[in-house]
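Presented below is the structure to which this report refers.
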């Protein structure tokens with residue numbers, strides 16, 4: 001038979017429920033047994049005695065079924081909690097890894113913007129263009145006119161010596177989506 005759930009892992013409410021379940025099951029079973037004994041039938045094959053023995057057997061069977069059901073439910077709950085904890089740990093590790101990679105990419109982009117001598121306004125526009133925003137969206141986000149945003153974009157392309165948004169994005173993102181061992185294969189097939 002599998003191990004019973006650890007009682008140390010049980011919250012106080014769960015321990016009380018477990019104790020209550022044990023007490024109720026024990027009292028009903030023992031009470032039925034005592035009732036049968038006190039009735040003291042002359043023949044154990046009488047209808048009354050057979051009924052009470054059947055009732056006692058039913059109580060014992062029900063107790064076993066209820067106890068096993070509770071135990072299985074508790075075990076499944078504990079397994080689900082352990083699985084959830086493992087998934088939370090995996091998620092947190094992935095987030096930490098991604099944050100580190102994104103921070104490194106952010107520093108590299110900022111260094112490149114500095115090397116191209118972008119003004120603060122050009123940096124804002126260039127970063128939002130890398131994020132895929134339209135000139136209209138950038139104008140709204142930066143509280144500038146769309147015409148001013150377009151002028152900054154032209155200046156970004158001139159300073160970077162890149163011909164438009166696609167080349168600008170490709171400069172930073174080419175090969176970014178594939179792991180290092182697959183980048184060569186992707187470039188060779190291009």
Length gained, residue 68-residue 39, 0.36 nm per residue minus C-alpha separation, equals 7.3 nm
Taking a ≥ b ≥ c as the square roots of the Cα gyration tensor eigenvalues, with a/c under 1.5 meaning rounded and otherwise prolate when a/b beats b/c or oblate if not, segment 7-100 comes out prolate
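Once you have the Cα-Cα distance between residue 49 and residue 29, take 0.36 nm times their residue separation minus that, and quote the gain in nm to one decimal. Walk me through the numbers before you get to the answer.
Numbers: separation 20, 0.36 × 20 = 7.20 nm, distance 1.55 nm.
Using 0.36 nm per residue and subtracting the Cα-Cα distance, I get 5.6 nm.
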Here FRET efficiency (C-beta to C-beta, residue 60 to residue 82, R₀ 30 Å, nearest 0.05) is 0.35
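Can you tell me the FRET efficiency between residue 170 and residue 147 if r is taken as the Cβ-Cβ distance and R0 is 25 Å, rounded to the nearest 0.05? All intermediate terms of the calculation are to be shown ahead of the outcome.
Values: r = 26 Å, r/R0 = 1.04.
So, using R0 = 25 Å, E works out to roughly 0.45.
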Placing each pseudo-label 7 Å from Cα in the direction of the beta carbon, residue 163 and residue 130 end up separated by a distance in nanometres of 2.3 nm
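Every number in this text was worked out from the coordinates using simple rules, so none of it is lab data. What you are looking at is a predicted structure, and each value in this text was computed from that prediction instead of being measured. Counting neighbours? That spans all protein chains shown, and the Cβs are built from the backbone with ideal geometry, glycine included.
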